[in-house]
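Bear in mind these aren't lab numbers, they're just calculated from the coordinates by the rules spelled out. All values reported here derive from a predicted model rather than from experimental measurement. Don't worry about glycine lacking a Cβ; one is built from the backbone with ideal geometry, like all the others, and counts go over all protein chains shown.
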Amino acid sequence: MEREPISGAEAAFSEKDFYLGEFRGRTLALAVSGADLADSSALRGVLADLAANGTQVVVLCPDRGPLDKLLDGRVLSDSVPSLPAAVWRRLSENPQLGIQVENPVGFLEACHGLAIALSVFKLIWIDSAGGMERPQGGADSFVHLEELQAYLGSAEANSNPRLALLEQIRDMLEEGVSAVNLCRVEELADELFTYAGAGTLFTRQRYIDVRRLGITDFDAANHLIARGVDEGYLAPRAPEEMDRVLTHGFGAFVEGRHLAGIAALLPIGDPQLGEIVSLYTLTRFLGEGVGDHLVAFALERARAQGFSGVFACTTSARVGAFFERHGFACVDEGAIPGEKWAHYDPERRAAVRCFLRKP
């Protein structure tokens, strides 16, 4: 999914704010070659944002010269005794530090060891080839450990020129690094600060937690809904309608922190039905079945609230097929409570299809 401007919501909340909040008070490691530091303009902007955010960054590079230039000489050698304590002391003076990786075992293995020794929150690996590609083509922007292990055990992996790198990423995740990002240096800001990303995010678990939205989630949810409206997937709503959606909304969170999708279940009619609205998921997490989890949660809530049925309306054939796969039947609009159509856009109503099922 390409990054698109978000009308209205950007001033109150941005994807960048979301991720800066996640990184605040943590330590990130950035592994980069000297060649990628040659033009450090993109990197400098990201480092400035992270420093202002209260995020510590350790830049790992085999070449001392580019590190000195980037960090004004704030560089240690990885051969310094008691390196973790030395890094801690230097970071207490300035939140950004370079480490020249001189370890003879090689840059890959040395960065792996440093990420574990320093207990960083995440490692960002800069690679001119960018993120992983799917076998059928296109970016593979989110990969959890189980998927990575399966890929590394396949015959296809043996011909991958970056096999050693992927094996090191697997080992880091297994040994406690929370996440690893793989991207090009010019993509760094998009990879770290946007939902869609630009490279590949590797995490330990595929676990998705679906829960009701709290008010601390409303900014992010409102922003995602605005994104869905801008992209034509969701119908625009008046502020009072949005308030109702947020009040009845729930979100799918990957590893407890990445908001991967949202929806709401609104009560309507008599006997009372539940309407699934504002269902929107991020392409970064498509392989995680986020939409499936959201619909399952909606049906569970409908049963708990004693609704006689659950329905959804869409103008998209693809979304309609999605609901049919989940046991919804296409019905005439007369099967939907009449209040649904009050003040409804006539042009959209002419194209809308309705889907209904028992909870």
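Just the Cα atoms of the chain: what Rg and Dmax do they give in Å?
Just the Cα atoms of the chain yield Rg and Dmax of 23.5, 76 Å.
For the range 208-357, just say rounded, prolate or oblate: build the C-alpha gyration tensor, square-root its eigenvalues into a ≥ b ≥ c, call rounded for a/c under 1.5, and beyond that prolate if a/b exceeds b/c, oblate if not.
rounded
At 7 Å along Cα-to-Cβ for each site, give me the label-to-label distance between residue 186 and residue 94 in nm.
Reported label-point gap for residue 186 and residue 94 is 2.8 nm.
Quick check on packing: order 84-95, 18-29 by the mean number of other C-beta atoms within 10 Å, highest mean leading.
The peptides rank, most packed first, as 18-29, 84-95.
Once both axes come from the Cα atoms, what is the angle between helix 218-230 and the longest principal axis of the chain, in degrees from 0 to 90, rounded to 10?
In the chain, helix 218-230 runs at an angle near 70 degrees to the longest axis.
Could you tell me which of 166, 327, 305 has its Cα farthest along the dipole of the chain towards the positive end, charges placed at Cβ (Lys, Arg +1; Asp, Glu -1), taken about the Cα centre?
Looking along the dipole axis, the top candidate is 305.
Relative contact order for the chain using alpha-carbon pairs under 8 Å, separation at least 6, rounded to a whole percent? Please report the intermediate quantities before stating the final value.
On the way: 621 pairs, mean separation 50.9, N = 359.
Relative contact order comes out at 14 percent.
Over what distance in Å are the Cα centres of the range 53-72 and the range 151-204 separated?
Answer, in whole Å: 21.
Calculated FRET efficiency, residue 230 and residue 145, Cβ-Cβ r, R0 25 Å, to nearest 0.05?
The pair residue 230/residue 145 has a calculated efficiency of 0.15.
Take peptides 315-322, 155-162 and line them up by average Cβ neighbours within 10 Å, highest first, as a rough protection proxy.
The most tightly packed comes first, giving 315-322, 155-162.
From the P(r) of the range 69-181, can you give the percent of Cα pairs sitting at distances over 17 Å?
Of the Cα pairs, 61 percent sit more than 17 Å apart.
Work out how much length residue 244 to residue 63 would gain on full extension: take 0.36 nm times their residue separation and subtract the Cα-Cα distance, in nm to one decimal.
Using 0.36 nm per residue and subtracting the Cα-Cα distance, I get 59.6 nm.
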